[in-house]
Amino acid sequence: MVVTVFRSRLREDARDEYPDWARRMSELARQMPGYVSHKGFVAEDGERVTLVEFESEAAQRAWANHPEHREAQRKGRESFYSTFRLQICTVERETAFP
C-alpha cells in the first residue's frame with residue numbers, strides 16, 4: 001500500500017472557492033482504480049492534513065497524473081495554498097485492532 005500525506009495551509013482568499021475543488025477531488029479519487037481511502041483533518045492552528053491510501057505505487061501515480069487532478073494541483077499552487085508539503089510513503093508494516 002502507498003500512503004500520500006498532504007499537509008497544507010490555505011490562503012485567506014481561497015476559503016470560498018477551495019471547498020468545491022476539494023469535494024470534486026474527493027469524488028474523483030474514490031473513482032480511481034486502486035483507491036483504498038482518504039481522510040482530511042484540520043488542526044487548531046489551521047494546518048490541514050489529508051491522508052490518501054492506494055493499493056500500489058502505479059495506482060497512486062495514476063491519481064497524481066489524472067488530468068483533472070493536475071489542474072487542481074496547478075490551482076492549489078497558484079491560488080489555494082500558502083504552504084504545502086507532499087510525502088509519498090510505502091507501508092512496510094501494518095497492525096490493526098480488532
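Please treat every number below as a calculation from the coordinates, not as lab data. Remember, predicted model here, so these are calculated numbers, not experimental data. Ideal geometry is used to build each Cβ from the backbone, glycine not excepted, and the neighbour counts take in all protein chains shown.
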Length released on extending from L86 to E27, taking residue separation times 0.36 nm less the Cα-Cα span: 19.2 nm
Signed unit charges on C-beta, dipole axis of segment 5-98, positive-most listed residue A96, Y35, H66: H66
Pairs of Cα atoms farther than 18 Å apart, the chain, %: 47 percent
Distant-in-sequence amide H partners of R11 (H built 1.01 Å from N, under 5 Å): Y81, S82
Cα-centre dipole for segment 3-98 with unit charges at Cβ (Lys and Arg positive, Asp and Glu negative), debye to 20: 160 debye
Separation of the S56 and S37 label points, Cα + 7 Å toward Cβ, nm: 2.2 nm
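If I take R0 = 30 Å and measure r between the Cβ atoms of E78 and E44 in this structure, what FRET efficiency does the formula 1/(1 + (r/R0)^6) give, to the nearest 0.05? Mind showing how you got there, number by number?
Values: r = 27 Å, r/R0 = 0.90.
Rounded to the nearest 0.05, the efficiency is 0.65.
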